[in-house]
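FYI, it's all coordinate maths here, none of it is from the lab. Keep in mind that what you see is a predicted model, and the values were worked out from it rather than measured. Don't worry about glycine lacking a Cβ; one is built from the backbone with ideal geometry, like all the others, and counts go over all protein chains shown.
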Amino acid sequence: MAMDKSGEAIVTCVDVNKWYGDFHVLKGIDLEVTKGEVIVILGPSGSGKSTFIRCINRLEEHQEGQIHVKGTELTHDVRNIAEIRREVGMVFQQFNLFPHLTILENITLAPIHVRKWNKADSEEKAMKWLTRVGIPEQALKYPGQLSGGQQQRVAIARTLTMEPEVILFDEPTSALDPEMISEVLDVMRDLADEGYTMLSVTHEMGFAKTVADRIIFMDGGKIVEMNNPNEFFNNPQHERTKLFLSQILNH
Amino acid sequence: MTVNTMKAKRKFDMGTFIRANITKSPLLAIWTVALAAFAFWFVGRSMIARPLLTIPVVIAWAATIIWMVRAEINKTHSPTTLWLKGNLYNSITNALLSLILVVAIIGFLVGFITYAFFNASFSEDPAIAKEVTEAGQLGARWGSVTQNLENLLVFSMKTEMYRIWASIGLLVGLSIPSLIIFRSAKFNRSLIRRILTWLWIASPFIIFFFLRGVGEAGGSNPFYAIDTEQLWGGLLLSLILSVVAIVASFPLGVLLALGRQSKINGVPWWLTYGTAALLTAYLIVTFTLPNLEVAETTGNYIYALLPLLIPLIALFFQKGFKGNVMAGACTVFIECIRGVPLITLLFSGILLLQLFLPDGWEPNKIGRVMVAMTVFSAAYLAENIRGGLQAIPRGQYEAADSLGLSTYTKYTKIVLPQALRIVIPAIVGQFIGLFKDTSLVALVGLSDLLNVARRISSQQNWLTIRTEPFIFIFVVYFVVSYAMAWYSRRLEKQLGVGVR
């Protein structure tokens, strides 16, 4: 896949609001993600950044506003939800591999049952992606036999074998030992270079600076600032952003 | 220097020993003296009754204590003396208890062996049995068991043994290839393995067919239907009842557990409107049309047309009702069943089941008991499985959702395989309980193992003989239950592959 930033909107969020009981978590989020774009979402904990990306594939339900993925609106209609989940992949902080299935079964389960590809095709594609993330030799092991970094790379392969239009990363490196973070970030960097549309919540500033097309800074359930990485890190506009950056860059 | 002082400190000290074991508190002193007195009396009695067995035990006890104490004082412990110190003689109390227990166990074993073998009669002739056992002090008349062995194991099915041999043949025929195919990795995912799995799943149904039969007698079919209420009994009945309840309650329990967890609010539209449409059509045919024909006044007409209100009610119900019917119904069912003892359910099954069944469908007593036990087992199973479902981390559900798996695939491929593995010990424990609970059907008049054993004492040959049949069924219950427990441990280990 070449760099293709044609401006076609993949995900469109208009005035998205969400409450947990009385607590207003998301306060009118507007965002348009175009094809091939890499967006990194930063913010202090509790700012609603994870909640926001989990709304995009309906792991959380938004109460007001619209979310469209490739023209399909996210509603209570289970058919819409199923269609959107086919096109939106997600990589979790805790990997969430299925411990009772082998690596290969973990990856081929959804292609076989959701995409309805046959088993041979699914396995071929799974092996292609396992090779891409560098661990084809682990295919027949169980998740419990792999290191954290390897498990996360399997999770990425599992997501990508489904050929999604956009991939959500929910703090993919936060549960990893420091020496394993780079192996996962390298995979993510490759994907970005190849033109995959990615939305990533992360605390990895190096990754944000070098890979992101746009950086979103969230606080208190709102998008406070949105800019390209260069402007964002060198010339932040808001006081809150400056405070956040000074806190994380100074220690 | 330091090493010497440490050695000196660790040296055995009589004063410390007496303080720790006797004079620490007045209560401990009284206890130790009382226990010593009891041990003296108890062992003394045993010595008079069984000197040849007791005296060596006492000598061995004293010798090992002296050996252990010498090792302790001289610091020359070997693994054996350390084991003695740690397990048998780590205080005066424990040393005395060890002696008392060994002597007591010997006493029990000697008594039992004398009763069961030396003084026992193995003759099936009641007169000889009586003579032999009354010559000695107390002896078992095993003839009561051996003569009734067929009754105890298969009851009146002894006239239909070919059915039982067919069933056993099927099980053996499946077991032998299973030993090879399920053990070897070569057959993983092979077709033959899948066929064998399906045969195992089908085997309870095939065996049920063998034992119960279908169709009239006299034809070419050797497995014609028999009167199960008259013929089934003994261990066979206990096994049939528990296996039927286990097999039938398993899917029911899974569904109940999932139902209780469901978060679906309201009723699906097709269910409401489908029911309403059927009900309306039925009432129009059976109620409206006949009434319209004989209607005279306006009131009569309105009365006849009342069923037409049903669709309207259904519409309001569908729009207005937002409760979780599924979870509610499952909870009520589970709690009602768990709230009553099994024996109550058995009686309800016998007396009330008929009210819920359509006319002309009258299961016999065994069928009713099966229904009652299945329902009972399903309610408990549902709660066990629900425990397993709750132990699955939320991330597993989220991963399945984010991959777009359907609810069906999510549960059958991800959630249930993991949840059921977690609850295997609980489920097997419940099944062992169910097998033992089959003894309750004696109370509703079925001839299970317990009932047959009880009835032996009223046979002409074996009047008042109770102990021997009960010892026999004790062994049978124990062997079957222990086999299940052993298999469960093996299954757990096997399924433990790849657990995080």
Compute the FRET efficiency between B:N300 and B:V325 as 1/(1 + (r/R0)^6), taking r as their Cβ-Cβ distance and R0 = 41 Å, and round to the nearest 0.05.
-> 0.65
Averaging 1/r across every pair of distinct alpha carbons in region B:265-323 and inverting yields a Kirkwood hydrodynamic radius, in angstrom, of 12.4
Which distance in nm do the two modelled labels at B:I192 and B:A116 give, with both placed 7 Å along the Cα-to-Cβ direction?
-> 4.3
State, as an integer percentage, the relative contact order of region B:287-417 based on alpha-carbon contacts under 8 Å between residues 6 or more apart.
-> 18
Across the protein assembly as shown, how large is the tail of the calculated P(r) beyond 32 Å, expressed as a percent of all Cα pairs?
-> 72
Helical mean residue ellipticity (222 nm; -39500 (n - 2.57) per DSSP H run of 4+; nearest 500) of the protein assembly as shown = -19000 deg cm²/dmol
Cα radius of gyration and Dmax for chain A (Å) = 18.0, 55
For region B:384-395, what does the Karplus curve 6.51 cos²θ - 1.76 cosθ + 1.60, with θ = phi - 60°, yield as ³J(HN,Hα) per residue in whole Hz, taken in order and with x for Gly and Pro?
-> 4, 5, 4, x, x, 4, 6, 7, 7, x, 4, x
Placing +1 on each Lys and Arg Cβ and -1 on each Asp and Glu Cβ in the protein assembly as shown, then taking the dipole about the Cα centre, the residue among B:L305, B:F155, B:V43 whose Cα reaches farthest towards the positive end is B:V43
Estimated D of region B:3-118 in µm² per second, where Rh is the Kirkwood radius over Cα pairs and Stokes-Einstein applies at 25 °C, 0.890 mPa s = 152
Quick one: check the C-alpha center-to-center distance for region A:154-227 versus region B:207-280, whole angstrom.
-> 53
Backbone HN-Hα couplings from phi across region B:397-405 [Karplus 6.51/-1.76/1.60, Hz, Gly and Pro as x] = 4, 5, 4, 4, 5, 5, 7, x, 5
On a C-alpha basis, how far is the centre of region B:292-319 from the centre of region A:84-150 in Å? Whole number, if you could?
-> 59
Kindly give Rg over Rh for region B:352-496, based on alpha-carbon atoms, with the Kirkwood expression for the hydrodynamic radius.
-> 1.14
With each pseudo-label sitting 7 Å past Cα toward Cβ, what's the B:S203-A:D15 distance in nm, one decimal?
-> 6.6
By the C-alpha gyration tensor axes a ≥ b ≥ c (rounded if a/c is under 1.5, else prolate when a/b exceeds b/c, else oblate), the shape of region B:214-348 is oblate
Let me know the shape class of region A:59-169, please: from the alpha-carbon gyration tensor, a ≥ b ≥ c as square roots of the eigenvalues, rounded when a/c is under 1.5, otherwise prolate if a/b is greater than b/c, or oblate.
-> prolate
Ranked by Cβ crowding within 10 angstrom, fewest neighbours first, how are B:L241, B:L449, B:L306, B:L96 ordered?
-> B:L306, B:L96, B:L241, B:L449
